[in-house]
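Structure first, then comments.
Nothing in this text is a laboratory measurement; each read-out follows from the coordinates by a stated rule. What you are looking at is a predicted structure, and each value in this text was computed from that prediction instead of being measured. Quick reminder, even Gly has a Cβ in these numbers, built from the backbone with ideal geometry, and neighbours come from all protein chains shown.
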Amino acid sequence: MLWSGRETKHVSGVALMIDMLAESPLIEWHAVSDRILTARFNSKSVKMTVVMCYAPKNSADDDGTWLFFL
């Protein structure tokens, strides 16, 4: 499991679950922030980048929403 988030508070974060067959083609992964994670895979014909994100809800405070969409 690749995970990006806060260690102290379980308020935000995103994860990507991969099985053992997908683990070997995994080239790299990067936690951009506690809400964005990228993973790069090597497939048969191309290299593929997967971007996972967790966007704030409408009920979130304005500062958190503003920072996410910057």
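From the backbone phi of segment 26-36, what are the Karplus-calculated ³J(HN,Hα) couplings (6.51 cos²θ - 1.76 cosθ + 1.60, θ = phi - 60°) in whole Hz, Gly and Pro given as x?
Karplus-based 3J(HN,Hα) across segment 26-36 equals 5, 7, 7, 9, 9, 8, 5, 7, 6, 10, 10 Hz.
What's the ranking of 16-29, 34-47 by average number of surrounding C-beta atoms within 10 Å, highest first?
On the way: 16-29: 11.1, 34-47: 13.5.
Final packing ranking: 34-47, 16-29.
So what are the ³J(HN,Hα) numbers for segment 38-43, from phi and the Karplus equation (6.51, -1.76, 1.60; θ = phi - 60°), rounded to whole Hz, Gly and Pro as x?
In residue order, the calculated couplings are 10, 9, 10, 10, 9, 9 Hz.
Net charge near THR49, counting Lys/Arg +1 and Asp/Glu -1 over other residues with Cβ under 13 Å of its Cβ?
Neighbour charge sum, excluding THR49 itself: +1.
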